[in-house]
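The values are calculated or read from the model by the stated rules, or taken from the named source; none is laboratory data. Everything numeric in this text was worked out from a predicted model, so none of it was measured. Positions of Cβ are backbone-derived with ideal geometry, glycine not excepted, and every protein chain shown enters the neighbour counts. Heavy atoms of the whole protein, side chains included, go into the accessibility calculation; ligands, DNA and RNA do not. Shrake-Rupley method; radii C 1.70, N 1.55, O 1.52, S 1.80 Å.
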Amino acid sequence: MDGRISGGPQVSAVRAWSSTAAMAAVAWLPLIGFFVLIAAVGLIWGVWQAAALPMLWLLPALYTRGVLPEALPGRAVRPDDEPELAALVRDMAERTGFGAPLLVRIVPEPAVLTYRVRIGGGRAYTLLLGLPLVRALPATQLAAVIAHELAHERHFDDRRTRALLAARVALAERLEGRLRPLAPLAAPLLRATQPWSWQEELAADAEAARVVGGAAVRKAVERVAVIESAFDGLARDWVEDLVEDGMYPVDLYEAFDLALQDPLVRDRAAREDAEEEALDVYATATHPPTAVRTAALPHTGSDTDTDTDTGTGTRAAYGSAPLVLRDAEVAAEWCVQRLACADGLGGTLQAGGGDGALRPEDLKPVRLLQLDPDRFRLPGDGGPRAEALAAATGQPSPTGALRAALDAVADGDWYGLARRMRPQLRWLPAAVRRTVGSQVLAGAMGAALTPLLLEAGWSCTSRWIGTVLTAPDGTVVDLYEVLITAVDGGDPAPVHALLEKAGTDKAERA
């Protein structure tokens, strides 16, 4: 095996290894420099304990990696328990030429990942399938994302590619947070190597299209992006909010499935996914934008989700309905508890993740769909946002704060107002500060404007989104769209018109 698919990355070994070494050096240079400094100070002052601190820090990680058994994330899927899912995975493995031992496990997040594990002294692979994807994707699209992931391991399973991608991920993680002293060095390396990562993704898409058809892959790519964005913007917030009150939603996935049926939720998720892609100034994204991926897929006249074999023996179809897990309720309960008890709601995909301080018995189970919808509409932090706007403008009333913000938009100095609400903007890359600042200000203005419109007789159009309202005359208005356009364009007139209409509607109600 040459480690390449037709159309995949064609990078010389010298360039690949030199780029990997450079990214690893830049990623770890600050930490190495810090340890060297501690050791040097300890040796100069004769404090040998200080010189040994770096080794003491590394010993637990080395022990965990080399001695303790490797913990697997997720919940095991046994073929006897879920024969339909096992058959689909087995079929995709055969069609992509993946012949290694493969374990399948369900995880709470909308993810599909493969990685190597040690089992009984040998090597095998684990395929992690996110429960939200298994529940929401039609079987053919689920087969597409599985084929895509297996294609990575089947065709790019070489040390050079794994090392390069791991170095990119490590370097990208070092650029998160406030301090990015090596950004001038890291950004050119990430930009130079991003095309290689993207080519691999596009090649895996092409392999999946060969197996299940281009239309299925195209729809899967689009739908997975929406599901991931919606899960981060809705489901995680629901869990965090309830956990803070000592509860967890037993019907999380049921509620999320219903939310995905709302076109407003899907549109908002797609828009937020595109906004996030536009803010990737350091080229850290390992996947191409959704539009790039779908445009690169082959178009054929017979590509549909229900394609039968075309005679080549490579195309597979599984229908347009999601697979039904036989153990669905138990899997959902396990995933909800794991997500609620995970450290920071972000550790469930890590080996051994989810062992935070909380335990399921520490939380009270509640049904999210029986709670007040106003509590869980997106965005869920309207109160704090409105308070931040009032504090930044020095106006105690929502109307006064909103008018002061609109004056700042008209004068062109709204960014200073956004900075007062979100001081962390100064730590963002210069290229995206104003973009993120406009989102911050628009969100805060929406939090102040929404209650005024609701008091005037407007209503929420969606159960899940609080910034799309229906006026008494039936007009539907996306407040976020109106506000972000006003801030970016420097024209507050449409927002003033909404304020005046709110006053008129309220007077008519009285």
Seminar exercise, completed: Over segment 108-143, the set of residues within 16 Å of residue 332 (Cβ to Cβ), out of contact with any Cys (no Cβ under 6 Å at 6 or more places or on another chain), in a helix (DSSP H, G or I) and open to solvent by less than 10 Å² (accessible area, probe 1.4 Å) is 132, 133, 134
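Hey, among 167, 163, 186, which residue is aliphatic (A, V, I, L, M) and either surrounded by fewer than 18 Cβ atoms within 10 Å (Cβ to Cβ) or not in a helix (DSSP H, G or I) (or both)? Explain how you work it out, then say what you get.
Values: 167 fails: either surrounded by fewer than 18 Cβ atoms within 10 Å (Cβ to Cβ) or not in a helix (DSSP H, G or I) (or both); 186 fails: either surrounded by fewer than 18 Cβ atoms within 10 Å (Cβ to Cβ) or not in a helix (DSSP H, G or I) (or both).
Exactly one of 167, 163, 186 is aliphatic (A, V, I, L, M) and either surrounded by fewer than 18 Cβ atoms within 10 Å (Cβ to Cβ) or not in a helix (DSSP H, G or I) (or both), namely 163.
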Exercise. Is it the case that some residue within segment 342-357 is hydrophobic (A, V, I, L, M, F, W, C), crowded, with 16+ Cβ neighbours inside 10 Å, farther than 25 Å from residue 148 by Cα and modelled with pLDDT of 50 or more?
Worked result: yes
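Within segment 170-183, which residues are open to solvent by 60 Å² or more (accessible area, probe 1.4 Å) and either within 21 Å of the chain's Cα centre (by Cα) or modelled with pLDDT of 80 or more (or both)?
Narrowing segment 170-183 to residues open to solvent by 60 Å² or more (accessible area, probe 1.4 Å): 173-174, 176, 178-179, 181.
Result: 173, 174, 176, 178.
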Exercise. Is there any pair with a first residue in segment 420-443 that is closer than 21 Å to residue 485 by Cβ and among the small types (Gly, Ala, Ser) and a second that is open to solvent by 50 Å² or more (accessible area, probe 1.4 Å) and in a helix (DSSP H, G or I) whose Cβ atoms are under 8 Å apart and which are 6 or more apart or on different chains, and what are they?
Worked result: 437/419; 438/488; 443/385
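Return the only residue of 269, 235, 259, 215 being among the aliphatic types (A, V, I, L, M), over 19 Å from residue 113 (Cα atoms) and more than 18 Å from the chain's Cα centre (by Cα). I'd like the intermediate steps shown before the answer.
Working: 269 fails: more than 18 Å from the chain's Cα centre (by Cα); 235 fails: more than 18 Å from the chain's Cα centre (by Cα); 259 fails: more than 18 Å from the chain's Cα centre (by Cα).
Exactly one of 269, 235, 259, 215 is among the aliphatic types (A, V, I, L, M), over 19 Å from residue 113 (Cα atoms) and more than 18 Å from the chain's Cα centre (by Cα), namely 215.
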Exercise. In segment 192-214, is there at least one residue being charged (D, E, K, R), open to solvent by less than 10 Å² (accessible area, probe 1.4 Å) and at pLDDT 90 or above?
Worked result: yes
Exercise. Mind checking whether some residue in segment 211-233 is part of a loop (DSSP other than H, G, I, E, B) and in contact with a Lys or Arg (Cβ under 6 Å, 6 or more places away or on another chain)?
Worked result: yes
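Would you please name the residue that is modelled with the lowest pLDDT, looking only at residues in segment 415-424 that are open to solvent by 20 Å² or more (accessible area, probe 1.4 Å) and in a helix (DSSP H, G or I)? So that I can check it myself, show each step before the final result.
First, the residues of segment 415-424 that are open to solvent by 20 Å² or more (accessible area, probe 1.4 Å): 415-416, 419-424.
With the extra rule that they be in a helix (DSSP H, G or I), the set shrinks to 415-416, 419-421, 423-424.
Details: 415: 95, 416: 93, 419: 95, 420: 94, 421: 94, 423: 91, 424: 85.
For segment 415-424, the residue satisfying everything is 424.
Within segment 273-291, how many residues turn out to be open to solvent by 60 Å² or more (accessible area, probe 1.4 Å) and assigned to a helix (DSSP H, G or I)?
Step one: of segment 273-291, the residues open to solvent by 60 Å² or more (accessible area, probe 1.4 Å) are 276-278, 287, 291.
Those left that are additionally assigned to a helix (DSSP H, G or I): 276-278, 291.
Going through segment 273-291 one residue at a time, the tally reaches 4.
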Seminar exercise, completed: Of 153, 200, 149, the only residue that is touching a Ser or Thr at 6+ places or on another chain (Cβ under 6 Å), of a type in the set (Asp, Glu), in contact (Cβ under 8 Å) with a residue 40 or more places away in the chain and under 26 Å from residue 269 (Cβ atoms) is 149
Exercise. Which residues, counting only those in segment 296-316, are at pLDDT 65 or above and over 27 Å from the mean Cα position of the chain (by Cα)?
Worked result: 299
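Conditions (1) open to solvent by less than 40 Å² (accessible area, probe 1.4 Å); (2) at pLDDT 95 or above; (3) of a type in the set (S, T, N, Q); (4) in a loop (DSSP other than H, G, I, E, B), marked per residue:
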site: 406; (1), (2), (3), (4): yes, yes, no, no
site: 409; (1), (2), (3), (4): yes, yes, no, no
site: 426; (1), (2), (3), (4): no, no, no, no
site: 435; (1), (2), (3), (4): no, no, yes, no
site: 446; (1), (2), (3), (4): yes, no, no, no
site: 454; (1), (2), (3), (4): no, no, no, no
site: 497; (1), (2), (3), (4): no, no, no, no
site: 502; (1), (2), (3), (4): yes, no, no, no
site: 505; (1), (2), (3), (4): yes, no, no, no
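Check segment 83-105 and report whether any residue there is touching a helix residue (DSSP H, G or I) at 6+ places or on another chain (Cβ under 9 Å) and free of Cβ contacts under 8 Å to residues at least 24 places away in the same chain. Give the steps one after another, and end with the answer.
Residues of segment 83-105 touching a helix residue (DSSP H, G or I) at 6+ places or on another chain (Cβ under 9 Å): 84-85, 88-89, 91-93, 95-100, 102, 104.
Among the residues that remain, those that are also free of Cβ contacts under 8 Å to residues at least 24 places away in the same chain are: 99.
Within segment 83-105 (the criterion being touching a helix residue (DSSP H, G or I) at 6+ places or on another chain (Cβ under 9 Å) and free of Cβ contacts under 8 Å to residues at least 24 places away in the same chain), the answer is yes, since at least one residue qualifies.
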For this session: Check segment 95-106 and report whether any residue there is surrounded by 19 or more Cβ atoms within 10 Å (Cβ to Cβ) and assigned to a strand (DSSP E or B).
Result: yes
Seminar exercise, completed: Flagged in segment 459-482 as part of a loop (DSSP other than H, G, I, E, B) and open to solvent by 40 Å² or more (accessible area, probe 1.4 Å), in numbering order, are 461, 463, 472, 473, 474, 475
